[in-house]
Structure formats: structure tokens, C-alpha cells
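J.: My questions will all concern the structure given below.
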Amino acid sequence: MGALELTLGGIAVLFSIVAWGMFVATVLRMVKIIRLGQPDATRNGPFVPRMKTLVKEFAAHTRMNKLRHVGVMHWMVMWGFLIGSAVLFEAYGEVFVPSFHWPIIGEWVVWSLAIELLGLGTVVGGVALAIIRQLNHPRRADRQSRFAGSNFWQAYFVEAVVIIEGLGILGVKAFKIAAGLDHSPLWASFTTAPLAELLPTSPNGVVIMAFIKLMGAMVWVVVVARYMTMGVAWHRFSAFFNIYFKREDDGGVALGALKPMMSDGKPLDFEEADPEKDVFGAGQVEDFSWKGWLDFTTCTECGRCQSQCPAWNTGKPLSPKLLITQLRDHAYAKAPYLLAGGKKDMMGEEIGLEGDDPHAGIDVLALAESERPLIGGPEENGVIDPDMLWSCTNCGACVEQCPVDIEHVDHIVDMRRYQVMIESNFPTELGGMFKNLENKGNPWGQNAKNRLDWTKEVDFEVPVFDGEWGDTEYLFWVGCAGAFEDRAKKTTKAVAELLQIAGVNYKVLGSEETCTGDPARRAGNEFVFQMLAQQNVEVLNSVFAETQPSSRKIVVTCAHCFNTIANEYPELGGQYEVVHHTQLLNRLVREKRLTPIAPVAEGVTYHDPCFLGRHNQVYEAPRDLVGASGAQLREMPRHGDRSMCCGAGGARMWMEERIGKRINVERVDEALGTAPTKIATGCPFCRVMLTDGVTQRKNDQQADEHVEVVDVAQLLLSSVKRKPAPEGSDGAATPESTPAAGAASNGANGSGNGSRSEVGGEAEANGKADVSTAAASSGTPLPEQDKQDGGASA
């Protein structure tokens, strides 16, 4: 052991002791900070399913591979980091003794090949990721870049160290081969062996290269230890825990049901809740659970959520990535104050620190951070701008795309809950909607007795539940939109007629129905949701009182009702088998109980409702129905789990869009790019939004007059009822070929037989197209000021 080995080895060891000491201290402090969050016992188990999910997601990169070209490169870098750590620690021996290798495995040819592949993969992966970041740099694409707002020096630093470490792995091995210290066959050294031919044979090369490898890694350790908010680096450690502790222990993403309101680790009971003691949503960063703090810590700033967010893509201030990073920066800046015992009440008065000088020893920056409101505009120095908070549609695209399982939607709704229930600070339009839900049981403010008015517009009897369930198979949950909104009523009538044709034994509740509470809950009004949901569960349980649990079947046309009844009512004692109407109709077609006679023979593009697709994974049934109707399906670029939102979710249906481009118009522009005759969907909210977008584009002369928005049920009804076209025709149905066409021509004023002729609506050859809400308002009347700002909008 010469002077070179002793000098470089001594430097490496001393620097490493300092670096690892800093790192361990930072990890311990980070754990203490994360534990500042509220308790959440729901994350504790079961162990086996959670561990299976963890292994699958990191080993196979199942979520990272949603961007395949990135996933492959990141996979190589990840394994280079994990297994390469063993090679790194081997360098502590090599820097003193060039011939050093790990006992046993160090002599295996397979290990030599693994080192070769790891080093090469790490270099290739690191370079590729840096190139991808450059090609998607905001200077080229501005807001369209998923990296807009990300910290670039941190990312480039991490990627540079990755490349240096990969070169170090290859360099040490190549110098060993050159010095005759490694005798691996060529097939296990296909890169390093040719490189060794160009290198000097001195063992000193091994020592120097091992030293460079160690110093590069230790510089990384020191920098990471200095920056706890460096998510692009810390996710290498925290992502494993974030994936393991994800909300759904079966491996599903945090969509479908919202996380219940929690206080002190338990669901909040409104009958016993005390605003002075209990946590109502998130009004301060410490109100988030420890898993929320772990989410903030783990964000890599990759921007996949941002690239899919409908709000960000239409010029609004909400970026899921920036929301998480702003919460992270605020949380860690405020942490010294919280660790010292600081706490404020709802009025902002200090109740945690006591004594003559309660702030002694606390960083002044942390004290300043503690004064910032969680929600507030620039003039209030708020952490999250209200426009950012209320731009969210709850579409779940961010959660679906996040490779490290961050739960953006739950965090956003928690902040809304506090704003609504404690601060009474929410968009003015929601006030009317909340009032209507409380007083009338529906967001439109209609009378419950009118819920069956749609049945007067069909020429068959609709069975209504009268206290006797009998041998009824399905309860048809019509929903508020399906009962009161003119366009959605066409879907309701089409589904009812298809069930009639198929001989399905069903009943509707009529005036016994109440809003499921979805708009209230997504807007943050948990109290109103609980009131409506408990009322509905009580009614439904009474309907199914004498029915076996396995036979409590409900069919729903509204994707929001579907999600709420299926995923959120079980928490309140409502266990039912809930199917979307597209699923049931698809099954009836397969069973030959519904037989399409004449193909629609038109180009149709299908819009995936977020609460049917991403939230509940129902993608194929609606498309199968489009195909069964004979239409030619033309997919939009963003479809399936990457489908663009219509803009109605998260209670946005009842809020005006005043910033950027309207989301529904953006989606309609994409749909029109497929040159469709019809735009099909499977949700009344989507239908309203898309219809308004089509109407606007028609007014702008950017859409053909024949383009219509329909529900897939109407396409199927048109195909089932319409007579085949005469031979030699182009396949289009004539008015005379459609049943009830004559009645339609005699009574198009909406009463008597004329109104009955509109079963299936514009899906029939003689039907009328939907009317935009600009012409006939479909939602809650807006205040006068809002009307002046742009009129009603869904």
C-alpha cells in the first residue's frame, strides 16, 4: 500500500464520514418532520398486498412505464443506483488495494457481467434522461413542457452524478483489466475489455478511478443532505415508502372514493365533532396526514401530472406538480416552528408556544412562514392561490399518471373542506348550488315531485317503486341530471326504452331519489354530502330490505352517481352492486336481448368520462356499444386513462370559467379533429359541457352544423329501433324509417305524442340537437355579476 493509496483512501474515508454523518442526521430530521402530519392508521396494513404492490411497481416500473421511452431509461438508472451501491462500497477497498473485490461474488463471471451492464445502463440512462429534459425544456414549449416550474439545477446535478457514477463503474473495471487484476471473459466485459486496451497497465489507475467514483457519490450525499426539499434526489429513498403506504392496499390509485374526513387518525363524526379540537379538512399544512407530508417529500417534479392536467393545459394557474412542491417548500420551511411546539388556533392566535420569549431559538424564516395562510392570494402571501385550488376538476389525471403514487385529489379536497366548512370562503356560484342541495335535494333547485316528469315523454309505462320490490332485478337510479336536465333526460329515456325492449325487470324511485351528494363533496361541503348520502342509503336499504345483498343491483347513467354509490356509500352502510348503463347494455347486447338491426354508419368519437374511466376503469363497455351500433369509432389522441376532462367534475359544473381557455372547448377541439358526425359519451355532465363546446365552435364556424353530442345509449337505441335501409341506399335512415317519426312531425312542440317521439333524442334521424346552456340554462342560476362576466356555463 503506497503513498497514493494512503492519501486518496484517507481523504475518501474522512470525507465519507462527514458526508454520511450529514446524511443520517438529515434522514432522522426528515422522519421527525414527516411525523408532524396527522396520524393515519389506515396505512398500516395488510403487509403482503402492500409489499406485492411495492415490488411490482419498482421492479417492473409499471407506473413509470406509462411513458415508455422514459420508463426504460429510468429503469436502468434505478437498478444502477440500487445494485450499483454495492459497487460503490467496493470502491472503499479498491482505493486502498487495487485488486480488492467482494468475497465470493467478486469472482463470479455473472457478477462481472452484471457490473458491465449496470455501468453501461447507468450511463446510457442518465444521458438519455438529460436529453429528454432538454428536448422538453420550457424554453422550447413554455407551459406545454411538463418540466415548466421544475428545478433544473437539481435535476441536472442528479443526472450528472448518475453519469459520473456509471463511468466510474466502467472505469474501475477497465483499469483492473488493463492492470491484469480482472480476468473476466470478453462476453462479460464487452465494453470495458476493448477500453482497457487503450489504458495504462498501472494499478494506480484503479485507485484514482475508485477515488473519483467515491468523491462523486459523496458530493451527491452532501448536497442531498443539505436540501431536504430536493425531491428529484430524495425520491430514491422515499418513493419505496410512498408506494407501500399508498391509500389502496390492493395497489389501486387513490381515485374512486374520496378519502374520508379524518381527525386524529379517525373518520370525523359530525354529531360529535368539535371545531376547536378536531381537524376539518386542511387549513394549515400540519392538518395534512403524515402520508400527505410524505407525498410532498417524494415529488420528483417530473411533471407528468402537469402534462395531463386539464386546468394547466387551458391556461389556468393549477399545476398539480407546483401545488405539491409549494406545499412541500412551505411545510419544510415551517417545520422548525412546529418542531418547537408552535401551534395556532383558527383565529391565528398562538396557543402552542409559551413563556416570556416564546420564539427564542426558532429560525426567523420559520416564524415568518408560520404566519402565511395556507390558502390566500398574493396580497395575503398565501401558500396556495384560491384560483389554483378551485380550478381542479377532480378528473384524477394527475393521480393516474404519478409514478410515485402522490394523492393530489385528496389533498385538494381536504383544503376545499376547510375553506367551505370553516372559512365559508368559496366561489359565489357554489352558494346557490349548496342551498339547492340542502333545500331541494338537487343542484338545480327543482321540486322532487317533478323527478318523474320525463316518464310522461315516453310511450311505454315506466315502473315506479311503490313499496313492493317483488322480482325486480334492477333499480334504475335516474339521478338529478337525468330527471331535470333536458339533454340528460334524452339519455334517461333511451336507457329506459332499451331496458323495456330487452325485457329487463326494473323500477325507478321517482320522488324518493335525492342527489347523491357528489357535487357537495367534491366542492368540499362534507356536511351536506353526509346529509344527502345518509338519506339515500336509508332509502335504498329500505328498498332492498327483503333482498339478498348479492341481489341489490342498481344501474346508473351518471358517472358521478355511479362513482359515489359504488365507492363512497359503502362507508355509510350502503352495500350495492352498481353498474353503469353502458356495462348493462353491453351485456344485454352480448346476450342477444338487444339486437342492432341497422348500423348507424357514421364516424363517432368517444369521450371517456373521468369518473367512469380513470376513477372506475370502465373503458371497454362504452366502446363496445359504439361498435355494436355500427358506428365507426375514431379515437381522440387523448383517450382511455389519458383522456382529457370535459371540465365538469369537482363541482366545476356549477362554477364559471374566467381564466384561460374553456376546458370543454379544448376537448371539443380535440374531438372535432377526428372529423366525427357525433361525439358520444356516457355521462350527463360531459354531455352538457361537450354540447356547449360544440355550440361555441359552431358559432365560431369551426364545426359543421351536423356534429352532435349523444350518449352511447342513444346510438344503440337508434341502431336497435331503426329499420334497415333499402337496398342501394347509402345506409342512412330516412325520417319515415324511424318508428314514431310521424308522431314527431305532428308534435314537435314538446307536448303530447310529439314529446314522446323524442325517445333517443338526436340519435334518431328526426331528433333535435341539444341546446347550449348559453341559450337554455341548465345549471344553478348565477348571480347578476357573474352573468355580466360571461353568462351561464356548465
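J.: Give the percent of DSSP beta bridges with both residues in the chain that are antiparallel, rounded to the nearest 5.
T.: 10 percent
J.: Now for a separate question. Where the centroid of each part is defined by its Cα atoms, how far is region 600-630 from region 284-326 in Å?
T.: Between the Cα centre of region 600-630 and that of region 284-326, the gap is 30 Å.
J.: If you don't mind, there's one more thing I want to ask. So which GluC sites (Glu not before Pro) in region 259-315 pass both tests, a DSSP loop state and at most 14 other Cβ atoms within 10 Å of the Cβ?
T.: Here the GluC sites (Glu not before Pro) that fit, given the DSSP loop and packing criteria, are 271, 272, 276.
J.: Evaluate E = 1/(1 + (r/R0)^6) for residue 634 and residue 104, where r is the Cβ-Cβ distance and R0 equals 56 Å; express this FRET efficiency to the nearest 0.05. Walk me through the intermediate numbers first.
T.: Working: r = 60 Å, r/R0 = 1.07.
Working from the Cβ atoms, E equals 0.40.
J.: Could you give the dipole magnitude of region 243-298 about its Cα centre, charging the beta-carbon of Lys and Arg +1 and that of Asp and Glu -1, in debye to the nearest 20?
T.: 360 debye
J.: May I ask you to list the lysines whose Cα is less than 17 Å away from that of residue 553, ignoring any residue fewer than eight positions away on the same chain?
T.: 507
J.: What do you get for the angle between helix 408-421 and the principal long axis of the chain? Use alpha-carbon atoms, 0 to 90 degrees, nearest ten.
T.: In the chain, helix 408-421 runs at an angle near 60 degrees to the longest axis.
J.: Report the label-to-label distance for residue 160 and residue 250 in nanometres (one decimal), using points 7 Å from each Cα along the Cα→Cβ vector.
T.: Between residue 160 and residue 250, the label points sit 4.7 nm apart.
J.: Order by neighbour count: 274, 40, 329, fewest other Cβ atoms within 10 Å first, most last. Could the numbers behind the result be given before it?
T.: On the way: 274 8, 40 19, 329 14.
So the residues, fewest neighbours to most, are 274, 329, 40.
J.: To continue, here is another question. Quick one: order 133, 687, 372 by neighbouring beta-carbon count within 10 Å, fewest to most.
T.: Ascending Cβ contact count within 10 Å gives the list 372, 133, 687.
J.: Same structure, new question: Lysines near residue 277 by alpha-carbon distance under 24 Å, same-chain residues fewer than 8 away left out - which ones?
T.: Straight-line reach from residue 277, under 24 Å: 32, 259, 266, 291, 334, 343, 344.
J.: Right, something else. Take the Cα radius of gyration of region 436-587 and divide it by 2.2 N^0.38 Å, with N its residue count; two decimals is plenty.
T.: My calculation over the Cα atoms of region 436-587 gives 0.97.
J.: Among 413, 676, 537, whose Cα lies farthest out toward the positive end of the dipole of the chain, if unit charges sit on the beta carbon of Lys, Arg (+1) and Asp, Glu (-1)?
T.: Of the candidates, 676 comes out farthest on the positive side.
J.: Further, regarding this structure: Run the reach check for residue 52 against aspartates and glutamates, Cα to Cα strictly under 12 Å, same-chain hits fewer than 8 apart removed. What comes back?
T.: 249, 250
J.: Still on this structure, I have one more. List the pairs from 678/698; 490/678; 449/678 whose alpha-carbon separation is above 22 Å, in the order I gave them.
T.: Working: 678/698 14 Å; 490/678 15 Å; 449/678 34 Å.
Exceeds cut-off: 449/678.
J.: Using +1 at the C-beta of Lys and Arg and -1 at the C-beta of Asp and Glu, which of 630, 368, 184 has the Cα lying farthest in the positive direction of the dipole of the chain?
T.: After comparing all options, I get 184.
J.: For residue 364 and residue 593, compute 0.36 nm times the residue count separating them, minus their Cα-Cα distance, and round to one decimal in nm.
T.: Computed gain between residue 364 and residue 593 is 75.2 nm.
J.: Moving on to the next point. How large is the helix-only mean residue ellipticity at 222 nm for the chain, computed as the sum of -39500 (n - 2.57) over DSSP H runs with n ≥ 4, divided by its residue count, in deg cm²/dmol to the nearest 500?
T.: Only helices count here, giving -14500 deg cm²/dmol.
J.: Whole number please: convex hull volume per residue of the Cα set in region 1-74, in Å³?
T.: Output value, Cα hull per residue: 193 Å³.
J.: Give me the dipole magnitude in Debye, nearest 20, for the chain about the Cα centre, with unit charges on the beta carbon: positive for Lys and Arg, negative for Asp and Glu.
T.: With only Lys, Arg, Asp and Glu charged at Cβ, the dipole is about 2020 debye.
J.: Quick one: if you stick a label point 7 Å off each Cα along the C-beta vector at residue 18 and residue 471, how many nm between them?
T.: Calculated label separation equals 8.6 nm.
J.: Positive end of the charge dipole of region 92-151 (Lys, Arg +1 and Asp, Glu -1 on Cβ, about the Cα centre): tell me which of 100, 114, 134 has its Cα farthest that way.
T.: Ranked along the dipole, the leading option is 134.
J.: Between the alpha-carbon centers of region 522-546 and region 379-445, tell me the distance in whole angstrom.
T.: 20 Å
J.: Can you compute the modelled spin-label distance between residue 47 and residue 241, with each label point 7 Å from Cα toward Cβ, in nm?
T.: Result: 1.8 nm between the two label points.
J.: Could you tell me what a quarter of the Cα convex hull surface of region 31-108 works out to, in nm² with one decimal place?
T.: Taking the Cα atoms of region 31-108, their convex hull projects to 9.4 nm² on average.
J.: Sticking with this structure for a sec: Arrange 593, 416, 68, 652 by Cβ neighbour counts within 10 Å, fewest through most, would you? Could the numbers behind the result be given before it?
T.: Working: 593 15, 416 28, 68 10, 652 31.
Ranked by crowding around the Cβ, least crowded first: 68, 593, 416, 652.
No lab work stands behind these numbers, since they all come straight from the coordinates. Quick caveat: nothing in here was measured; it's all calculated off a predicted structure. All Cβ positions, glycine included, derive from the backbone under ideal geometry; neighbour counts span all protein chains shown.
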